[in-house]
Amino acid sequence: MSSSDSKEGTVMLYYMWKKKCYQKRNVWVRELFLNRNDNGEYRKLHNILLRDPMKFRNYYRMTEHCFNKLYEYVKPLFHAGHTNYRKTICFEERLAVTLR
């Protein structure tokens with residue numbers, strides 16, 4: 001195998017790799033995440049935790065009252081709008097994930 005064959009092979013591999021990197025996405029949001037608002041951990045678990053104050057406190061390390069106070073305090077500081085591609089995560093859910 002000559003040096004030029006080796007270079008051609010390397011160049012060919014490089015262009016194949018480059019093409020793969022720039023392929024268009026055929027799926028923007030995985031099917032798993034499309035139902036996040038209905039079947040996600042936050043939607044199901046948060047409602048269960050609201051019914052039991054001790055579980056709520058163990059999960060978030062604060063009472064529901066403190067959680068709501070913190071939510072009201074920091075909500076005006078953060079604003080995220082929807083985009084054309086996907087809806088944003090509600091602030092209460094973002095706060096819950098941050099605290100967890």
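For (1) of a type in the set (Gly, Ala, Ser); (2) loosely packed, with under 13 Cβ neighbours inside 10 Å; (3) under 21 Å from Gly40 (Cβ atoms), each residue gets a yes or a no:
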site	(1), (2), (3)
Phe56	no, no, yes
Met62	no, no, no
His65	no, yes, no
Glu72	no, yes, no
Phe78	no, yes, yes
Asn84	no, yes, no
Thr88	no, yes, yes
Phe91	no, no, yes
Arg100	no, yes, yes
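Any chance segment 30-43 includes a residue that's of a type in the set (Ser, Thr, Tyr), at pLDDT below 75 and at negative phi?
So far as segment 30-43 goes, no, none of its residues is of a type in the set (Ser, Thr, Tyr), at pLDDT below 75 and at negative phi.
Helices (runs of 4 or more DSSP H) wholly in segment 39-100 with at least 2 residues that are of a type in the set (D, E, K, R) and within 22 Å of the chain's Cα centre (by Cα) - which ones? Can you show your working first?
Working: elements: 41-51, 53-60, 64-74, 91-99.
Output list reads 41-51, 91-99.
Residues checked against (1) closer than 24 Å to Asn39 by Cβ; (2) acidic (Asp, Glu):
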site: Tyr60; (1), (2): yes, no
site: His65; (1), (2): no, no
site: Val74; (1), (2): no, no
site: Glu92; (1), (2): yes, yes
site: Val97; (1), (2): yes, no
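Condition test on Glu72, is it out of contact with any Cys (no Cβ under 6 Å at 6 or more places or on another chain), among the charged types (D, E, K, R), over 17 Å from Arg100 (Cα atoms) and at pLDDT 85 or above?
For Glu72, the condition - out of contact with any Cys (no Cβ under 6 Å at 6 or more places or on another chain), among the charged types (D, E, K, R), over 17 Å from Arg100 (Cα atoms) and at pLDDT 85 or above - is met.
The values are calculated or read from the model by the stated rules, or taken from the named source; none is laboratory data. Just so you know, these numbers come straight off a predicted model, no measurement behind them. Neighbour counts are summed over all protein chains in view; Cβ atoms, including those assigned to glycine, are modelled from backbone coordinates with ideal geometry.
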